[in-house]
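The values are calculated or read from the model by the stated rules, or taken from the named source; none is laboratory data. Small disclaimer: the values here were computed from a predicted structure and weren't measured. Counting neighbours? That spans all protein chains shown, and the Cβs are built from the backbone with ideal geometry, glycine included. Note: accessible area is taken over every heavy atom of the protein model, side chains too, but ligands, DNA and RNA are not part of it. Shrake-Rupley method; radii C 1.70, N 1.55, O 1.52, S 1.80 Å.
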Amino acid sequence: KIHLEEKNFDEAIMVGRSFIKNFPRSKRLLEAKKLLAQAHKGNGNFLGALAMFDDLLALSKNKAAIHYLIAEVKTEMKKYTEAAQSYQNAIAEYDRKERVIPDYIQKSYYNLGTSLYKMNRFESAIKAFESAKELFPDNPLRNWADYLLIESYEQQGNSDKSKDEINKLVKTENADPILKRAAQSRADIQEWEKQLKE
């Protein structure tokens, strides 16, 4: 864990493998495998990370968290179709009896929308983003989702909805300043295009 925090991935992998080999019956075996998978991911060995996460999926009680971690790796690999499926699996496997919804589930809703957007499935992305915003309006990924909603509506040729989303983002008080400026630029471009047509 210390090696991981310090981004010494090679050392983390060596220690993780040693622990798994020497203590196969340890109560911390699942945690060690998870850390080893994250070390592989940090080292850029995505296939090694996925193999370890697949092992964990069979052993872990919290399958939703593992599906989320798999989705993150798939996203880094730019395999957006598989990432979207894993985000959906995380959402489906989540134990809804928990009082506090974990951060990774909230991120799964938003990241599902982003994956769908990157696959050019704009209508599905819009639905995913709207669902995420309704369920988790205070999540830090909200502003990014608002911006991708603007893009999605534009891709669909729905300029009215795009303008609505731009205005909402520009007027949002706590919005990320960069995204806010980008939305304002979009609004300016749309206004210029309108004037040119007239």
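See the values below:
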{"quantity": "Evaluation of PRO137 against (1) over 16 Å from the mean Cα position of the chain (by Cα); (2) not in a helix (DSSP H, G or I) (one fails), failing number", "calculated": "(1)"}
{"quantity": "Test result for ALA187, touching a Leu at 6+ places or on another chain (Cβ under 6 Å) and more than 17 Å from ALA125 (Cα to Cα)", "calculated": "no"}
{"quantity": "Residue selected from region 61-99 under the condition of a type in the set (D, E, K, R) and assigned to a helix (DSSP H, G or I), by the criterion least open to solvent (accessible area, probe 1.4 Å)", "calculated": "LYS74"}
{"quantity": "Pair list, Cβ under 6 Å, 6 or more apart: region 173-191 residue of a type in the set (D, E, K, R), other residue surrounded by 11 or more Cβ atoms within 10 Å (Cβ to Cβ)", "calculated": "ASP176/ASN143; ARG186/ILE166"}
{"quantity": "Conditions (1) touching a helix residue (DSSP H, G or I) at 6+ places or on another chain (Cβ under 6 Å); (2) farther than 22 Å from TYR94 by Cβ; (3) of a type in the set (S, T, N, Q): number failed by THR75", "calculated": "(2)"}
{"quantity": "Count - residues of region 32-50 that are without any contact (Cβ under 8 Å) to a residue 12 or more places away in the chain and in a helix (DSSP H, G or I)", "calculated": "2"}
{"quantity": "Some residue of region 179-196 being open to solvent by 60 Å² or more (accessible area, probe 1.4 Å), modelled with pLDDT under 90 and within 23 Å of TYR109 (Cβ to Cβ)", "calculated": "no"}
{"quantity": "Cβ pairs under 8 Å, 6+ apart, first in region 1-17 and under 17 Å from GLY48 (Cα atoms), second in a helix (DSSP H, G or I) and of a type in the set (D, E, K, R)", "calculated": "GLY16/LYS33"}
{"quantity": "Residue within region 155-166 that is more than 24 Å from ASN120 (Cβ to Cβ) and surrounded by fewer than 16 Cβ atoms within 10 Å (Cβ to Cβ) present", "calculated": "no"}
{"quantity": "One residue from LEU116, LEU135, LEU112 being touching a residue at least 24 places away in the same chain (Cβ under 8 Å), open to solvent by 30 Å² or more (accessible area, probe 1.4 Å) and of a type in the set (A, V, I, L, M, F, W, C)", "calculated": "LEU135"}
{"quantity": "Condition met for LYS34 (among the basic types (Lys, Arg), open to solvent by 50 Å² or more (accessible area, probe 1.4 Å) and modelled with pLDDT of 95 or more)", "calculated": "no"}
{"quantity": "Residue that is surrounded by the most Cβ atoms within 10 Å (Cβ to Cβ) [pool: residues in region 1-27 that are in a helix (DSSP H, G or I) and among the basic types (Lys, Arg)]", "calculated": "ARG17"}
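This table checks each residue for (1) without any contact (Cβ under 8 Å) to a residue 12 or more places away in the chain; (2) outside any helix (DSSP H, G or I); (3) within 12 Å of the chain's Cα centre (by Cα).
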| residue | (1), (2), (3) |
| --- | --- |
| ILE101 | no, yes, no |
| ILE105 | no, no, yes |
| GLU123 | no, no, no |
| SER131 | no, no, no |
| TRP144 | no, no, yes |
| LEU148 | no, no, no |
